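The values are calculated or read from the model by the stated rules, or taken from the named source; none is laboratory data. None of these values were measured; they are calculated from a predicted model. With ideal geometry, Cβ positions are generated from the backbone for all residues, glycine too; neighbour counts draw on all protein chains shown.
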Amino acid sequence: MAVTVVVGTQWGDEGKAKVIDLLAASHSIVARYQGGHNAGHTVVVGDQKYALQLTPSGVLYDTVTPVIGNGVVVDLPTLFKEIDSLESRGVSCERLKVSSLAHLIFPWHQAIDAALENARGEGKIGTTLKGIGPAYVDKVKRSGIRVGEVLDIAAFEEKVRERAIAARREVSDIGGDTFDIDATVSQFVEYAKRLAPYVADTVNLLHDARERGENILLEGAQATFLDVDHGTYPFVTSSNPTSGGAAVGSGLGPKHIDRVVGIAKAYTTRVGMGPFPSELTDALGEALVDIGHEYGTVTGRRRRTGWLDTVMLRHATRVNSLTEIALTKLDVLDTFDEVKVCVGYRINGEVMKNYPDTVERLGHVEAIWESLPGWKCSTEGITSFDALPESAQKLVKIVERETGIPVSMVGTGPARDAMVVRA
Ligand code: GDP
Ligand code: IMO
Ligand code: MG
């Protein structure tokens, strides 16, 4: 019996979904614990590709109960579109449970997100414009509407109308796009009716399953350096993707978490603004975009790319209590003549041991590099560590040396079975 958290160690899109899909075979529940449809989680099975935003990545197994935990903000149009799409492809979503304590996203959250980004001008965050930040603001302000409220349709309708009236005023004050109150209310009444059968007390559901001896997987969205506390604030999301957030966002206390798997890409990517010490703005960076298909699943934006940064991984190991790392997309580096790794930062000539605690300092660091000869052969589909080229093995060992924890998996392709799994 074990509770495992899967968390991103960089700025997102590390390949969390692929690892979750792989681990889900031995788990009976996969639960999302934060974020919303700003996530884009890709799972590839055979010739089928699934891009999930809200549905937990374990949904493809009929032995798994997918759970949307209390820490998530739920966009109902996206959820139903996803359910319809999965079901039309033969994936049943009947087992899906949505926490009664999770908060709902409404169209005004998206309007506010867009208006605030506009107002920021040059200083914009580059959000996904999904309304995530404004929905969490309402939660913290204690004016949000929770999933469980859909069970009393009359009261729900009244509350949505009341909030819509206030929100429309707010949206027009900040120059955002307004919306039709009556149409929004009646649309959400319909959504509420459709949501009702999925609503559950997921906190007790998770505890009961754990007490029965079942394995539970807690699926992180976003990543450590997008965490509102530990990330590169203000260029972050509005939730806590770090493993502490898994306890809060699922209701399973920290003592019950047995394993924390940090997912790291063998290089680094970032969507949106903010400092990026190991960034490559030259042809090598372009090559990483092309070979790694580094375009956002949700927004289609080109991801910024750079070399692997072990200062980040060391910090992620600390703040998440990582027990191991899964290093993904190693195969993307197959054709490079040289592979570099950032193993330290220097600021004003001084070597820093720890990750800086402000974006201003992070914006001024200079990377200290370790260089490896490129292995210049295909690693695609390799499943045994010994079969990896020597230089690729060395890269794995640098990660272990710098973080002090084992690299338990190495990704060698998008497919479910393209993975080195080390005991
Ligand atoms: P997530 O948000 O962390 O779940 O990651 P995304 O799904 O947004 O992005 C990861 C992308 O890399 C997806 O298109 C995956 O199919 C793909 N991917 C995952 N692992 C590997 C790997 O080891 N090698 C390659 N080439 N692609 C991978
Ligand atoms: P997954 O789960 C990569 C980024 C946005 C922006 C910042 C804030 O697929 O790894 P938000 O809309 O959350 O307020 O945007 O966070 N961001 C992500 N980047 N992967 C994600 O999710 C992301 N979710 C949000 O680009 O910089
Ligand atoms: Mg993603």
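In the list Asp229, Asp290, which residue meets the criterion of being out of contact with any strand residue (DSSP E or B) (no Cβ under 8 Å at 6 or more places or on another chain) and within 16 Å of ligand 1 (Cβ to nearest atom)? Working first, answer last.
On the way: Asp229 fails: within 16 Å of ligand 1 (Cβ to nearest atom).
Asp290 is the lone residue from the list that is out of contact with any strand residue (DSSP E or B) (no Cβ under 8 Å at 6 or more places or on another chain) and within 16 Å of ligand 1 (Cβ to nearest atom).
Residue count for segment 336-349, restricted to those that are crowded, with 18+ Cβ neighbours inside 10 Å and basic (Lys, Arg): 1.
For segment 85-131: of the residues being of a type in the set (Asp, Glu) and either assigned to a loop (DSSP other than H, G, I, E, B) or touching a helix residue (DSSP H, G or I) at 6+ places or on another chain (Cβ under 6 Å) (or both), which is nearest to ligand 1 (Cβ to nearest atom)? So, considering only residues that are of a type in the set (Asp, Glu) and either assigned to a loop (DSSP other than H, G, I, E, B) or touching a helix residue (DSSP H, G or I) at 6+ places or on another chain (Cβ under 6 Å) (or both), the one nearest to ligand 1 (Cβ to nearest atom) is Asp113. Every condition in (1) buried (at least 19 other Cβ atoms within 10 Å of the Cβ); (2) within 15 Å of ligand 2 (Cβ to nearest atom); (3) touching a residue at least 40 places away in the same chain (Cβ under 8 Å) holds for Lys124 except the one numbered (1).
Matching residues to (1) surrounded by 14 or more Cβ atoms within 10 Å (Cβ to Cβ); (2) at negative phi:
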| residue | (1), (2) |
| --- | --- |
| Thr328 | yes, yes |
| Asp334 | yes, yes |
| Asn354 | no, yes |
| Thr358 | no, yes |
| Ser384 | no, yes |
| Leu395 | yes, yes |
| Ala415 | yes, yes |
| Met419 | yes, yes |
| Ala423 | no, no |
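Kindly check whether there is at least one residue in segment 67-82 that is within 16 Å of ligand 1 (Cβ to nearest atom), assigned to a helix (DSSP H, G or I) and in the same structural domain as Ala221 (by TED's automatic domain parsing). The answer is yes; a qualifying residue exists.
Residue by residue through segment 252-298, note down the ones that are within 15 Å of ligand 3 (Cβ to nearest atom), surrounded by 21 or more Cβ atoms within 10 Å (Cβ to Cβ), outside any strand (DSSP E or B) and at pLDDT 95 or above. Answer for segment 252-298, where residues must be within 15 Å of ligand 3 (Cβ to nearest atom), surrounded by 21 or more Cβ atoms within 10 Å (Cβ to Cβ), outside any strand (DSSP E or B) and at pLDDT 95 or above: just Glu294.
Considering Leu218, Leu206, Leu226, the condition of being more than 26 Å from Thr299 (Cβ to Cβ), assigned by TED's automatic domain parsing to the domain that holds Asp75 and buried (at least 19 other Cβ atoms within 10 Å of the Cβ) is satisfied by Leu206 alone. Could you check, for segment 21-39, whether at least one of its residues is in contact with a helix residue (DSSP H, G or I) (Cβ under 8 Å, 6 or more places away or on another chain), closer than 24 Å to Leu288 by Cα and either more than 16 Å from ligand 1 (Cβ to nearest atom) or modelled with pLDDT of 95 or more (or both)? Checked against the condition, which is being in contact with a helix residue (DSSP H, G or I) (Cβ under 8 Å, 6 or more places away or on another chain), closer than 24 Å to Leu288 by Cα and either more than 16 Å from ligand 1 (Cβ to nearest atom) or modelled with pLDDT of 95 or more (or both), segment 21-39 yields at least one hit. If you filter segment 384-423 down to residues that are within 21 Å of Phe336 (Cα to Cα) and among the hydroxyl-bearing types (Ser, Thr, Tyr), you find that the one that is farthest from ligand 1 (Cβ to nearest atom) is Ser391. Looking across Tyr345, Tyr295, one residue alone is aromatic (Phe, Trp, Tyr) and within 16 Å of ligand 1 (Cβ to nearest atom). It is Tyr295. Collect the residues in segment 304-326 that are surrounded by fewer than 20 Cβ atoms within 10 Å (Cβ to Cβ) and either of a type in the set (Ser, Thr, Tyr) or within 15 Å of ligand 1 (Cβ to nearest atom) (or both), keeping them in residue-number order. Result: Ser321, Thr323.
Residues that are outside any loop (DSSP other than H, G, I, E, B), in contact with a Ser or Thr (Cβ under 8 Å, 6 or more places away or on another chain) and closer than 30 Å to Glu370 by Cβ: does segment 214-223 have at least one? No - not one qualifying residue is present in segment 214-223. Restricting attention to segment 77-116, the residues that are surrounded by fewer than 17 Cβ atoms within 10 Å (Cβ to Cβ) and without any contact (Cβ under 8 Å) to a residue 40 or more places away in the chain total 9. All of (1) assigned to a helix (DSSP H, G or I); (2) without any contact (Cβ under 8 Å) to a residue 24 or more places away in the chain; (3) more than 14 Å from ligand 1 (Cβ to nearest atom) hold for Gly249 with one exception: (2).
Only one of Gly46, Gly71 is modelled with pLDDT under 95 and small (Gly, Ala, Ser); which?
Checking each option against the conditions leaves just Gly46.
Of all residues in segment 28-60, those being away from ligand 2 (no atom under 15 Å from the Cβ), assigned to a loop (DSSP other than H, G, I, E, B) and either within 21 Å of Thr328 (Cα to Cα) or of a type in the set (Val, Ile, Thr) (or both) number 2.
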